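Student: Quick one: the structure is below, and I'll ask about it shortly.
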Amino acid sequence: MEDRLVIRGIEFKSRLWVGTGKYKDFEETARAIEASGTDVVTVAVRRVNIFDRKSPNLLDYVDPKKYKILPNTAGCYTVEDALRYARLAREAGVSDMIKLEVIGDEKTLFPDVCGLLEATEILAKEGFIVFPYTNDDPITARRLVDAGAAAVMPLGAPIGSGLGIRNPYNIKIILETVDVPVIVDAGVGTASDATIAMELGCDAVLINTGIAGAKDPILMAKAMKHAVIAGRAAYRAGRIPKKLYATASSPLEGMLG
């Protein structure tokens, strides 16, 4: 209870959030989600069937009563598309939360910052709880908060790259710049990447490809679970300062001559 993650009145039990793309089937998706210990699952509205209950449906495998479903606008390259899919998800009764993506470039999948700011402001005014996927720029993060974002989700590295946290210093500045939760999204490739994000002080990590693309997704999901827990504990514990030279771990005073 002393280290709760609460966003707009919603309490999140896990600081590891997971995506549902790129698994071989819905059964593997469900097993990985269970192994991760998460209570937040993101779903790409335009790519995954969550509306037609007569067809194979992700929500048949991921129980909305057990998990918080976070719809996302992955694959949207315009403000209009992002708004459309966010509204569709809410109208279908999925959630008032939305992970907002407005992609600006097909090769890098970097966000369209201008479009992201516009869509954030519109959706926030419509009562959405907006989690925008953004670059690792502190100025953009601050403007997203001003536009009504409930949290900011800076990339650690390009989506699906597995490169880890490429610019920890910018992430640290974002943490000092905004007064909303910071959730690293994109680029986490292995457990140590997740731990680094949490040791920086991030509030959570969202991972999809790093788990789904692993040789053993279920085992990687477990690894990510423990990595996030360890990183958060280390951040709260407070690491020792870095020093150029050695410091004796045992005191010399009082030792027999």
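The values are calculated or read from the model by the stated rules, or taken from the named source; none is laboratory data. Source: prediction; values computed, not measured. Ideal geometry is used to build each Cβ from the backbone, glycine not excepted, and the neighbour counts take in all protein chains shown. Ligands, DNA and RNA are excluded from the accessible area calculation, which covers all protein heavy atoms including side chains. Shrake-Rupley method; radii C 1.70, N 1.55, O 1.52, S 1.80 Å.
Each row is one residue, and each column tells you yes or no for (1) free of Cβ contacts under 8 Å to residues at least 60 places away in the same chain; (2) under 16 Å from the mean Cα position of the chain (by Cα); (3) under 22 Å from Asn170 (Cα atoms).
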position	(1), (2), (3)
Glu106	yes, no, no
Val113	yes, no, yes
Leu117	yes, no, yes
Thr120	yes, no, yes
Lys125	yes, no, no
Ile129	no, yes, no
Asp136	yes, yes, yes
Ala141	yes, yes, yes
Asp146	yes, no, yes
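Student: Could you list, in sequence order, the residues of segment 189-205 that are under 17 Å from Thr42 (Cβ atoms) and open to solvent by less than 10 Å² (accessible area, probe 1.4 Å)? Lay out the reasoning, then the answer.
Tutor: Our first condition is that a residue be under 17 Å from Thr42 (Cβ atoms); within segment 189-205, this holds for 194, 197, 202-205.
Correct list: Ala194, Ala197, Cys202, Ala204, Val205.
Student: Is it fair to say Arg90 is open to solvent by 10 Å² or more (accessible area, probe 1.4 Å) and either under 22 Å from Cys202 (Cα atoms) or free of Cβ contacts under 8 Å to residues at least 12 places away in the same chain (or both)? Explain how you work it out, then say what you get.
Tutor: Details: open to solvent by 10 Å² or more (accessible area, probe 1.4 Å): yes; either under 22 Å from Cys202 (Cα atoms) or free of Cβ contacts under 8 Å to residues at least 12 places away in the same chain (or both): no.
Answer is no for this residue.
Student: Hey, another quick one. Quick check on segment 15-37: of everything there that is touching a helix residue (DSSP H, G or I) at 6+ places or on another chain (Cβ under 8 Å), at pLDDT below 95 and in a loop (DSSP other than H, G, I, E, B), which residue is least open to solvent (accessible area, probe 1.4 Å)?
Tutor: The selected residue is Gly19.
Student: Here's a follow-up. May I ask you to say which residue of Ile218, Ile211, Ile240, Ile229 is in a helix (DSSP H, G or I) and either at pLDDT below 95 or crowded, with 24+ Cβ neighbours inside 10 Å (or both)? Step through it out loud before you land on a result.
Tutor: Values: Ile218 fails: either at pLDDT below 95 or crowded, with 24+ Cβ neighbours inside 10 Å (or both); Ile240 fails: in a helix (DSSP H, G or I); Ile229 fails: either at pLDDT below 95 or crowded, with 24+ Cβ neighbours inside 10 Å (or both).
None of the others qualify; the one that does is Ile211.
Student: For a quick check of your reading: which helices (runs of 4 or more DSSP H) sit entirely within segment 42-159 and have at least 1 residues that are touching a Gly at 6+ places or on another chain (Cβ under 7 Å)?
Tutor: On the way: elements: 79-91, 113-125, 138-146.
Hits in segment 42-159: 79-91, 113-125.
Student: Here is a further query. Kindly provide the set of residues from segment 166-185 that are closer than 20 Å to Gly19 by Cβ and open to solvent by 40 Å² or more (accessible area, probe 1.4 Å), ordered by number.
Tutor: Residues of segment 166-185 that are closer than 20 Å to Gly19 by Cβ, as a first pass: 166, 171, 181-185.
Matches in segment 166-185: Arg166 only.
Student: Among the hydroxyl-bearing types (Ser, Thr, Tyr), touching a helix residue (DSSP H, G or I) at 6+ places or on another chain (Cβ under 8 Å) and open to solvent by 90 Å² or more (accessible area, probe 1.4 Å): which single residue out of Tyr245, Tyr235 fits that description? Break it down stepwise before answering.
Tutor: Values: Tyr245 fails: touching a helix residue (DSSP H, G or I) at 6+ places or on another chain (Cβ under 8 Å).
Matching residue, one of Tyr245, Tyr235: Tyr235.
A quick yes/no check of all residues on (1) under 17 Å from Thr20 (Cβ atoms); (2) open to solvent by less than 40 Å² (accessible area, probe 1.4 Å); (3) aromatic (Phe, Trp, Tyr):
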| position | (1), (2), (3) |
| --- | --- |
| Asp63 | yes, no, no |
| Lys68 | yes, no, no |
| Thr73 | yes, yes, no |
| Glu80 | no, no, no |
| Asp112 | no, no, no |
| Ile122 | no, no, no |
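Student: Right, next: List pairs: first residue in segment 12-37 and within 25 Å of Gly201 (Cα to Cα) and touching a residue at least 60 places away in the same chain (Cβ under 8 Å), second residue in a helix (DSSP H, G or I) and of a type in the set (Ser, Thr, Tyr) anywhere in the structure, Cβ distance under 6 angstrom, at least six positions apart or on different chains.
Tutor: What qualifies is Leu16/Ser36; Val18/Ser36.
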